[in-house]
Every structure is written in C-alpha cells, then in structure tokens.
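Right, one structure below, let's go through it.
Only the coordinates and a few stated rules stand behind these numbers; no lab work does. Keep in mind that what you see is a predicted model, and the values were worked out from it rather than measured. FYI the Cβ positions are ideal-geometry reconstructions off the backbone, even for glycines, and counts take in every protein chain you see.
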Amino acid sequence: VEVNEDTEMPFFEFEPDDEAEEPDYFVLVEDMPTYRGNDQSYFQRHLQELVIYPAIAQQEGIQGKVFVKFVVDKNGKIVNETILRSPHPSLSEAVLAALKQTDTWKPGEQRGRKVKVTFTVPVFFKLN
C-alpha cells in the first residue's frame, strides 16, 4: 500500500472510559479524606489519645513507635489495618484496639468519585 499526502486516513476519536481500571487504593487524591473535618495530623493526635499503654509493656520497659497502615474506604470506614512495625505485640494490639474506636472519615475523591485512600500513621509509646 502506497501512502502519500492525498491518502485518506481514518480518524479515530478517543473517549475516556468511565469504567477504566483504577488501583485498589490511592496514596494521594485530589480531595483527601478528612477526619472530623480535619487532616491526617489531627487524626494521628486523636488516635494517640485513644491508645492505652499496655501494663505488660510498661512493666517490661517496652517503648517505641508502632507504624499502622490502613485504608479509608469509599464509605469512610477504616479497613485493611496492618501493623508495619512494632516493638512488641501488646503495643500492636493497643493501636488496633484504638483504631476500632475512631469515627467514620469523609472519604477521599478523585475526579469526582469516592475512592479508597491508604494512610500510614506512627503511634508513640514512651515511658516517663
């Protein structure tokens, strides 16, 4: 087939697919989830206040940071809680128990649609 400047080429119009596959969750979105109308730092302080330092960890002198990862789903609920790092299982359990006491978030949005957004939050355990 010979192609020159007079050859007619078909024109294909691309339409974005509303059903295009999105990731399971986002890390950053146009409208990030909010907790009680506030940002992640407010949530971190609130979670820190809810955590009860386990007596066994205090008695054994265990302190440090627990890093918890979770997803705020399309309904604003915390799901898929995972402890990434912890100095002791009792501290991990304390953080997970505190997470269960938190309220629903306002979900994140991307291109006008509610989406799942992941967060990683440190929780500090320090003996006085």
Ranked output for segments 64-72, 37-45, 98-106 by mean other Cβ atoms within 10 Å, highest leading, reads 64-72, 98-106, 37-45
How about the range 23-128: which GluC sites (Glu not before Pro) there are in a DSSP loop, with at most 13 other Cβ atoms within 10 Å of their Cβ?
-> Glu30, Glu60
How big is the gap, in Å, between the Cα center of the range 39-78 and the Cα center of the range 91-128?
-> 8 Å
So if R0 is 30 Å, what FRET efficiency would Ile52 and Val27 give, r being the distance between their Cβ atoms, rounded to the nearest 0.05?
-> 0.50
Would you mind calculating the gained length between Gln59 and Lys106 on full extension (0.36 nm times residue separation, minus the Cα-Cα distance), in nm to one decimal?
-> 13.1 nm
